[in-house]
Number of protein chains: 2
Amino acid sequence: MLALDAMGGDYAPREIVLGAAAVAGPALKLSLTGNPDEIEKALAGADAGARKFIEVVEAPEVIGFDEEPAKAVRTKQNSSLVAACREVAQGRADGAVSAGNTGAMLAAAMLQLRRIPGLKRPGLCTILPTPGKPTIFIDVGANSEARPVHLQQFAIMAGIFTEEVLGVVNPSVGLVSIGEESVKGNELVLEAHALMAQSSQLNFYGNVEGRDIIRSVVDIVVTDGFTGNVCLKLMESTSSLIVEEIKRAARSSLLAKIGGALLKRRLNEFKKSIDTEEFGAAYLLGVRGLVVVCHGNSSRKAIASALLNAARASRQNLTGKLERRFARLEAVRRQ
Amino acid sequence: MLALDAMGGDYAPREIVLGAAAVAGPALKLSLTGNPDEIEKALAGADAGARKFIEVVEAPEVIGFDEEPAKAVRTKQNSSLVAACREVAQGRADGAVSAGNTGAMLAAAMLQLRRIPGLKRPGLCTILPTPGKPTIFIDVGANSEARPVHLQQFAIMAGIFTEEVLGVVNPSVGLVSIGEESVKGNELVLEAHALMAQSSQLNFYGNVEGRDIIRSVVDIVVTDGFTGNVCLKLMESTSSLIVEEIKRAARSSLLAKIGGALLKRRLNEFKKSIDTEEFGAAYLLGVRGLVVVCHGNSSRKAIASALLNAARASRQNLTGKLERRFARLEAVRRQ
């Protein structure tokens, strides 16, 4: 069972509910949190066969995108977003998914689910659609400030995620810096590099530069949440700007128009392959429960894909494996 | 007179020297530092009319891209790169340009030219070819660590640069963060935001997010050298990756091939418009002399364009204006 915040997102509840209905079935039961009337109305447009695998959990309040996360979570305990996390905290669901206010979702997850013992900071990781093979990128914004040990722990968590969810054996880890050599970087990176290089938990590649993030140089790219968030948004914006410019070029003359028309299908395929809406889900690693945040502009397809990925992570017992790894590390540390 | 490191860059000395020959004239005299024989050989292929506006300064040593900057600058005082800065330091040239080892150029500039009094840290700024109007981006890597006052001073310097070199009146300044609100960001950004918001020297817009860097939201984007360097390399790599993918798409079927051929000219124009080789020059603001570093892969065209921009900055007395501004600020501070 996964809990889905039916009211979070630019196109909620309709697109969220239809995304749920597209994947609900005997192997994937869902509980939708939100306004029951609105959820039922949206469900009326969906395949009736899915209905019996969907529960509705009443949660009348909604947290908006502009609300201050910590305050919103504290004051709106009956919001669809907090309710989704509560379903997990109280053992009724294995994971919570929301396309609502990311900050509020992180705050609700921390409050309701708490940190994995031994882990200092949860990290938000996402899957970049890089050529050849996907790249795991952590932290894309759970923490605005980081210490070296946080980066090392992000790498360990992302390693387990990559093995369990993407099936990559012994994934390689790169640390974002301003030069490949171990002496290049700011204080945080220099110390984190030293820590990670001597960690037996990691297949540490060394530093990677900005250009390498999307070049599939490593399986996992680790950085602090400030740099990660800025980079993620910059990548999204660079890709969509370039696609816009190419479309403009393809309208600029008659020949270019014909050329553009002939290329259209390929360009659309390409656009889709880099579209963050298709890959826009991020996983909050490090809380005691599976928590997935989707892009605010998620379509039903994005929600369906996030639910399928979350279901896979849940079947693989991602959270349990993260807990066990950190319990072992804590035991070693205390010896 | 501008001093140009003839031996720095992937295509040195040939492309560097031909770039120089393309713009040298009565209004732009150049001194080329490096191996005189090699420089003369390269000049033999250039327009003879330019020759009399070009001096050659013998500097037999070369600093490679892999050398440790501070050490290389200390031990190779007779390198073409150090010699170019020395021409400025000793008053024979108004500015130094190099496509060689960036770190070494920064170290040589700091050593030979020293900081502008009142300025705490020089910053490396570059012009991003963003749609509609260019964006000034500072610091792209002169400093791996920054304090709030450094960011504020980068903004002041970039403001003068933008006014003098791009002719923009009262340019707006954005500070890179992970949210638009003033309470969003890491400690450095929160403090820098407060400082910049109350600075009468700045037309401060507030925070900008990663996506806004290339969206022409502001004239000047300020960040620390770590974030700036990672972002710059990420942008370069995202653009070139997307252009590669589109070329691949345009070869994928017969119709796509025809479409690609029809679109080719527009795509090439577009590629050029975002090509960092055409815009790859960065200006080290804050030392007592004009210092321009070019992309290692600079062609003659990139060198020619960097020289013309440097000449403009020199005519506008950019360095003198920076010095005067900081002298005034120092005077106010001491009152």
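The values are calculated or read from the model by the stated rules, or taken from the named source; none is laboratory data. Every value quoted in this text rests on a predicted model; they were computed, and no experiment measured them. Neighbour counts are summed over all protein chains in view; Cβ atoms, including those assigned to glycine, are modelled from backbone coordinates with ideal geometry.
Does B:ARG211 satisfy the criteria of being more than 24 Å from A:ALA146 (Cα to Cα), in contact with a Leu (Cβ under 9 Å, 6 or more places away or on another chain) and at the interface with chain A (Cβ under 8 Å from one of its Cβ atoms)? Don't jump to the end; show me each part of the working.
Numbers: more than 24 Å from A:ALA146 (Cα to Cα): no; in contact with a Leu (Cβ under 9 Å, 6 or more places away or on another chain): yes; at the interface with chain A (Cβ under 8 Å from one of its Cβ atoms): yes.
Answer is no for this residue.
Of all residues in the stretch A:135-152, those satisfying the criterion of being in a helix (DSSP H, G or I) and either crowded, with 24+ Cβ neighbours inside 10 Å or in the same structural domain as A:VAL292 (by TED's automatic domain parsing) (or both) are A:HIS150, A:LEU151, A:GLN152.
When A:GLU187 is tested against (1) at the interface with chain B (Cβ under 7 Å from one of its Cβ atoms); (2) more than 22 Å from B:GLU245 (Cα to Cα); (3) more than 23 Å from the chain's Cα centre (by Cα); (4) buried (at least 18 other Cβ atoms within 10 Å of the Cβ), exactly one condition is not met: (4).
Of all residues in the stretch B:195-208, at least one satisfies being small (Gly, Ala, Ser) and in contact with a helix residue (DSSP H, G or I) (Cβ under 9 Å, 6 or more places away or on another chain).
It is to be established whether one or more residues within the stretch A:264-271 are in contact with a helix residue (DSSP H, G or I) (Cβ under 6 Å, 6 or more places away or on another chain), at the interface with chain B (Cβ under 7 Å from one of its Cβ atoms) and farther than 18 Å from B:ASN229 by Cα. Yes. Within the stretch A:1-27, residues that are over 17 Å from A:LEU81 (Cβ atoms) have Cβ atoms under 6 Å from residues that are outside any loop (DSSP other than H, G, I, E, B) and not aliphatic (A, V, I, L, M) in these pairs: A:LEU18/A:ARG300; A:ALA24/A:PHE53; A:GLY25/A:PHE53, counting only partners at least 6 apart in sequence or on another chain. A count restricted to the stretch B:78-105 and to residues that are over 20 Å from B:GLY225 (Cα atoms) and at pLDDT below 95 stands at 0.
When A:CYS125, A:CYS85 are checked against the criterion of being outside the structural domain of A:GLU15 (by TED's automatic domain parsing), surrounded by 24 or more Cβ atoms within 10 Å (Cβ to Cβ) and not acidic (Asp, Glu), a single residue qualifies: A:CYS125. Applying the criterion of being more than 7 Å from chain A (Cβ to nearest Cβ) and of a type in the set (A, V, I, L, M, F, W, C) to the residues of the stretch B:214-240, the residue that is nearest to B:THR162 (Cα to Cα) is B:ILE220.
In the stretch A:199-228, the qualifying residues are those that are modelled with pLDDT of 95 or more and among the polar types (S, T, N, Q), and the one that is surrounded by the fewest Cβ atoms within 10 Å (Cβ to Cβ) is A:ASN203.
Yes/no per residue for (1) among the β-branched types (Val, Ile, Thr); (2) modelled with pLDDT under 95; (3) farther than 21 Å from A:ALA104 by Cα:
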position: A:MET1; (1), (2), (3): no, no, yes
position: A:LEU4; (1), (2), (3): no, no, no
position: A:VAL23; (1), (2), (3): yes, no, yes
position: A:LEU28; (1), (2), (3): no, no, yes
position: A:ILE39; (1), (2), (3): yes, no, yes
position: A:GLY45; (1), (2), (3): no, yes, yes
position: A:ALA48; (1), (2), (3): no, yes, yes
position: A:ALA59; (1), (2), (3): no, no, no
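The set of residues in the stretch B:15-39 being over 14 Å from B:VAL57 (Cβ atoms) and either surrounded by fewer than 18 Cβ atoms within 10 Å (Cβ to Cβ) or acidic (Asp, Glu) (or both) consists of B:GLU15, B:GLY25, B:PRO26, B:ALA27. Being more than 8 Å from chain B (Cβ to nearest Cβ) and crowded, with 22+ Cβ neighbours inside 10 Å is the requirement here; does A:ALA194 meet it? Answer is no for this residue.
Does B:LEU188 satisfy the criteria of being more than 20 Å from A:SER144 (Cβ to Cβ), among the aliphatic types (A, V, I, L, M) and in contact (Cβ under 8 Å) with a residue 12 or more places away in the chain? Answer is no for this residue.
When residues in the stretch B:295-329 are screened for being polar (S, T, N, Q) and either part of a helix (DSSP H, G or I) or surrounded by 18 or more Cβ atoms within 10 Å (Cβ to Cβ) (or both), 6 of them pass. For the stretch A:50-78, residues that are more than 12 Å from A:ILE39 (Cβ to Cβ) and among the aliphatic types (A, V, I, L, M) total 6. A:ALA155 meets the conditions (1) within 13 Å of another protein chain (Cβ to nearest Cβ); (2) modelled with pLDDT of 95 or more in every case but one. The failed one is (1).
Would you please list the contacts, defined by Cβ atoms under 9 Å and residues six or more apart or on different chains, that run from a residue in the stretch B:248-262 that is facing chain A (nearest Cβ under 7 Å) to a residue that is outside any loop (DSSP other than H, G, I, E, B) and among the β-branched types (Val, Ile, Thr)? Going by the 9 Å Cβ cut-off, the qualifying pairs are B:ILE258/A:ILE258; B:GLY259/A:ILE258; B:GLY260/B:ILE246; B:LEU262/A:ILE258. The single condition from (1) modelled with pLDDT under 90; (2) hydrophobic (A, V, I, L, M, F, W, C); (3) crowded, with 22+ Cβ neighbours inside 10 Å; (4) in contact with an Asp or Glu (Cβ under 6 Å, 6 or more places away or on another chain) that B:ALA250 fails is (4). Residue count for the stretch B:170-184, restricted to those that are out of contact with any Gly (no Cβ under 9 Å at 6 or more places or on another chain) and surrounded by 22 or more Cβ atoms within 10 Å (Cβ to Cβ): 0.
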